[in-house]
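Just so it is clear, none of the values below were taken in a lab; they were calculated from the coordinates. Owing to the predicted nature of the structure, the values given are computational and were not obtained by experimental measurement. A quick note on method: Cβ atoms are made from the backbone with ideal geometry, for glycine too, and the neighbour counts reach across all protein chains shown.
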Amino acid sequence: MRDTNNPTNREPLRRRLSLAAAVAGATALATLPVTVNTARAQAGGDESVLEEVTVTGIRAATANALSRQRNADNLVSALSTDDIGNFPDQNVAEATRRLPGISVENDQGEGRFVIIRGIDPNLNTTTINGFSVPSPQRDGRQVALDVIPSDLVSAIVVTKLPTASMDGDAIGGSIDVETLNPLEREGLWFSSRVEGGYSDLTDDFNPKLSFTGGTQSDDGRLGVAGAISWSDRDFGSDNIEIDGGFRDNDSPSEPEFRNYTISRERLGVALNVDFRAADNTLLYVKSLYSDFDDFEARQRTEFAIRDADAVTVNNGVTRVTDNLRVDRDQRARRQRQKIYAVQSGIELDRDVWSVDIGLGYARAEEDETDRLSTEFRRTFGQADSPDFLFEYDARDPKRPRIGGANSTTQALLQSAQLFELDGLEYEDNRTRDEEWAAHIDIARELQIGGRRSEIQFGAKVRLRDKDNDQSLWAPDELPTKADGSPYTAADFAQSADYGLGDFGPAIGESAVRREFEAIARNGELDVFESFAADYDASEDIYAGYVQALVEFDRVRVTGGIRVERTEFSSTGFLVGEDLTSIRDDNSYTNVLPSLVAVFEPREDLIVRAGYARTLSRPLVDAAVTRIAIDDEDADIGNAQLDPFVSDNLDITIEYYPGRFSVLSAGLFYKDISDFIVDQDIIGTAAFAPFADNPAFEDVTSAIQAQNAASAELLGIELNAQHAFDNLPAPFDGLIVAANYTYSDGETELADGRKVPLPRQSENLASATIGYEKDGISVRLAMAYRSRYLEELDSEGFRDRFVESHLQYDLTAKYDISDQLQIYAEWINIDDRPYHATFDGKRYLAQIEEYGWSAAFGLKFTY
């Protein structure tokens, strides 16, 4: 019984389908033949003799993913390693967007966070080989899956309706990243890849190398498998962003030009060892290390219209004639995220009993070191020239024109010598999150009324500690040149390759760092910025469950109940006029029932229906004990928050007309209670504990997270995949796949306002058309999501929406021989930007362009 957190890895008591067994060994390398008898024997299922079936390439990927879905006791979607390799995906997050109901939140054009059925990624759980992965993010629980290279993965399984044997913290769902299985293949095998990439926007070439391999002992009892992946990608983006939204007169608060230059290096290593000490005893050790090193230099020009004088708006054009503050700044930082995961365990099978005991340790960390921010400022107006006239022309709201309305004004804005040094800061920020986990799962086969059945029970302990430490220094006095004159932008000026407007002089990162880093680092510690977000938190979870599976003629039913006890404590600071350490704790118990029925009226048709209760614990940043008071505003943590709780219903119908085909339709519903939202608690009962505290004497606004809302989500999922094997040559190599998800969700806030669920797109779709025959493999993929609410504003006017996104990617491969393959990838073919708006689509919030990218590579397999 391997990994009960992912039931698709177990072989429950039921008839196995021929296809499922045939492809069970195809995950590691699609070009190897798979013998059904061998796969069955390894799985431990039906041992009837079947013919040998060989599946390759796209078909192997499709078949393996379908076997996962078809044989599950609950509701899952899966990708095999071959399916991941058939798309030009940089990381695990990007690979999942091919699945029904999945969208991805991007960062700098790369997929980062997985969104399942429109639910905030913070409400998902992420595991590696069934063990939870902590988050390197300071303020959330979401795991950035761009940290894990796709080359290290053998399969990705997304569970949308859990059973009692699985962790309960999965309102959105759970994403399990499976690494290599050492006993899956005999003998010595390996695969290596050499790749070169190209970024159109920055005209950079980027290398990538990977190696995957393994071996077994002669007797097949000991297996070792490992993988290593390295890539170094230089790229960038051009951006227009509106800081502070729009004012009542329709003028933008602070439009900004932003230009990013990024160097992103990934290193991933996985090493797994399996030892079958006896026919009924398996010991395993699995490990994964991922290092994501991201250097980002940002150039920004900011126009502070909200503080200007003589501002007029007419026909979409904002004009300023006096007192316009303009900032030219440069920020450079290195952000390094690491994930370590080690798991060990033993699986025992004794007649009708099976036992799985596992111990895991995972650590995630983020270091944002040597962050240097430098700002140069100048205020322009009539004193500079009576002809001064600045315009923000939004008649094309997606491509506003920003700058001087005449040559005199534009010349002033572009004069680097007029901008004097106005700000200098150095930051060093660190986050650590680690978790120890241990579980025991025991299962016994039974005969109930002549029906083959199984009862399973177990316990799990998860001990988690997370801390955040931010530090900011700034000099008491800004440095000056040797002659006492101020530094200006001209002392560090360089050009910027910027495609959205006339950026003007940029600030040289290396020159600024040489001149100012030591000064900023040795400046005065900013107590407010350095302690307001610092915390130490611990979260211990104790869980137990019992679950039963009963088989009837064509129905199998899995039902159970899980109980999870959570004990949370944290230490932070009250930061105001004084600095005080404060502490609080909380505990709660949740009962999580589940019931899933799988009905097979005939061999090619499956109906699933189920209910499960799930939870998601409060975001760490919201729950930690901390109070930050800045003049009249207070930001307060709330350790007494209850978790989100969701009642989930699912029903799906799946039709399998062929070996590599499926048609399915599903309906899902979620009723979420204790939804957590930020509120101003002044004048409410929640403010009572602080009312008599002298630190709050001048506070007029106090923001604290509260369990103050509910939410509902209703949706449908449609999925189709088909290989046209029955067509005459050469059309028998054609393969198509498409899926579509519609969801309708909203949450009601405490003030009665109803808004969409954050990050919930009403429409999601992906489609693929591929061709595979005679060593040629081509796949064109499309991924679409409609707009979603990203961020709520208390007044509703500046609610921020991310607009719809449609992206096309192309992959082509050719097998030169059985061992050697060449391939090419073209990503974001039509150069789709990131686009966000305020107040519907009327006001631009952000437009960011990345350009297209391409890759060319060579893969050798033995």
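Counting other Cβ atoms within 10 Å as a rough exposure proxy, the listed residues TYR850, TYR862 run TYR862, TYR850 from fewest neighbours to most. Mark the label point 7 Å from the Cα of THR684 along Cα→Cβ and return the residues of the stretch 695-710 whose backbone N is within less than 19 Å of it. Zone members listed by number: 696, 699-710.
Taking each of LYS670/LYS754; LYS208/LYS286; LYS460/LYS670; LYS286/LYS338; LYS398/LYS754; LYS160/LYS338 in turn, the alpha-carbon distance tops 19 angstrom for LYS208/LYS286; LYS460/LYS670; LYS398/LYS754; LYS160/LYS338.
What's the ranking of 62-70, 645-653 by average number of surrounding C-beta atoms within 10 Å, highest first? Kindly include the intermediate steps, with their values, before the conclusion.
Details: 62-70: 24.7, 645-653: 19.1.
With the highest mean Cβ count within 10 Å placed first, the list reads 62-70, 645-653.
Convex hull volume of the C-alpha atoms in the stretch 7-861, normalised per residue: 168 Å³.
Please give me the summed charge of the neighbours of PHE295: other residues whose Cβ is under 10 Å from its Cβ, Lys and Arg +1, Asp and Glu -1. Don't skip to the end; give the middle numbers.
Details: positive: ARG264, ARG333, ARG334, ARG336; negative: ASP234, GLU265, ASP293, ASP294, GLU296, ASP370, GLU509.
That sum, taken over residues with Cβ under 10 Å, equals -3.
Between the helical axis of 509-521 and the dominant principal axis of the chain, each derived from Cα atoms, what acute angle in degrees is found, rounded to the nearest 10? It is inclined by approximately 80 degrees. Ordering MET166, MET782 from the fewest to the most neighbouring beta carbons within 10 Å gives MET782, MET166.
If neighbour count is taken as other Cβ atoms inside 10 Å, put LYS773, LYS460, LYS160 in order from fewest to most. Don't skip to the answer; put the middle values down first.
Numbers: LYS773 15, LYS460 23, LYS160 26.
Lowest to highest Cβ neighbour count: LYS773, LYS460, LYS160.
For LEU478 and ILE582, the FRET efficiency from 1/(1 + (r/R0)^6), where r spans their Cβ atoms and R0 equals 30 Å, is about 0.30.
Under the rule a/c < 1.5 gives rounded, and otherwise a/b versus b/c splits prolate from oblate, where does the stretch 751-837 land using the Cα gyration tensor? Judged from the Cα gyration tensor, the stretch 751-837 comes out prolate (a/c at least 1.5, a/b above b/c).
With r defined as the distance between the Cβ atoms of VAL546 and ARG221 and R0 fixed at 25 Å, what FRET efficiency is calculated, to the nearest 0.05? Working shown, then result.
Details: r = 34 Å, r/R0 = 1.34.
It comes to 0.15.
A protection proxy built from the mean count of other Cβ atoms within 10 Å ranks the segments 106-119, 595-608, most packed first, as 106-119, 595-608. Between 0 and 90 degrees, the angle of helix 57-71 with respect to the longest Cα principal axis of the chain falls at about 80 degrees. Protection proxy ranking, highest mean first, for peptides 525-538, 206-219: 525-538, 206-219, where packing is the per-residue count of other beta-carbon atoms within 10 Å, averaged.
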